[in-house]
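Everything on this sheet refers to the single structure shown next.
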Amino acid sequence: MRPAALLILPIGLLLLLGGCARGPRLAERPELPDRFPYHSAEQIRYRLRLPLDTLRAFTGRASLQLHTPEGTDNLSATITARRNDTLLIRLSPGWGIEAARLLITPDSVLLHDRIHRRLYFGARTELAVRQLPLLTESDPFLSLLGALYPPPGRWLVTADSGYYYLHDPDGLFRYVVDPARWRVTRYERYDPSGTLIESYRFEAFDRFGQVFLPRRLLLERPTVGVTVRLYYRELALNPPALQFAWNPDPRTRRIPFQAMMERP
């Protein structure tokens, strides 16, 4: 696996209530709420945010496809996450090989390239500024669950026969909201010229307790030619115990993230 491809994973992904779900069976879409299409922007934000407060941790197994100008990687990802604490992603190309581990803590980020015995490290604030300038969600826990919602601010609301559309007055951000499930199904970010910088699409929604969450996440960054597709095969929410196994080989070469990004 290419080191650059390993780094795209946190770029793309940082870019569900107790129990476990397996298989492709998905919940049907409920009926639209009675007040649709007359919810205000703040009411929509509240409905999107409220059920997420119950989510404290999750584990998942997913299929991941990463496309960059350098090529395409098809991987398996095992994810363990505790909200506002620690996130561990283990990547495998198959055949029982673990290619890399990504560990995010409140103050640091570590990426262990196990194939080439390299450990990339940096402060979390440094990673956010230097490596991940296009993140749309400051909370990687919710980002990995496809649970985006608009931040506080002024939002203009329109609606069609089944969805709400929220955008800011400058036209830089756009959210498509499914009021039947109260989830964002699409997020788009534009530059001042109107060029699409990135888009997230969330599909294959399933119901976990009182919250709907997508099994399929699609990230596209057209200007840099990056596409990330993630599909959760298994999800367990609020598991009773989590393990964040790390322990890299002490012979592993340690490299700052900044040095990795500055390589030609």
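A short reminder: the numbers here are calculations on the coordinates, not readings from a lab. Keep in mind that what you see is a predicted model, and the values were worked out from it rather than measured. Positions of Cβ are generated from backbone atoms using ideal geometry, with glycine treated the same way; all protein chains shown enter the neighbour counts.
Below, the figures for the structure above:
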| quantity | calculated |
| --- | --- |
| Charge dipole (debye, nearest 20) of the range 47-262; +1 at Cβ of Lys and Arg, -1 at Cβ of Asp and Glu | 600 debye |
| Kirkwood Rh (inverse of mean 1/r, distinct Cα pairs), the range 47-262, angstrom | 18.6 Å |
| Lys/Arg +1, Asp/Glu -1 at C-beta; the range 47-262 dipole; positive extreme among Leu55, Trp95, Leu230 | Trp95 |
| Extended-chain gain in nm, criterion 0.36 nm per residue less alpha-carbon gap, Arg29 and Asn74 | 13.2 nm |
| Residue among Thr195, Ser76, Pro214 farthest towards the positive dipole end of the range 47-262, charges placed on Cβ | Ser76 |
| Euclidean distance of C-alpha centroids, the range 139-188 and the range 53-82, integer Å | 22 Å |
| The range 34-91: trypsin sites (Lys or Arg not before Pro) falling in loop per DSSP and having at most 15 other Cβ within 10 Å | Arg35 |
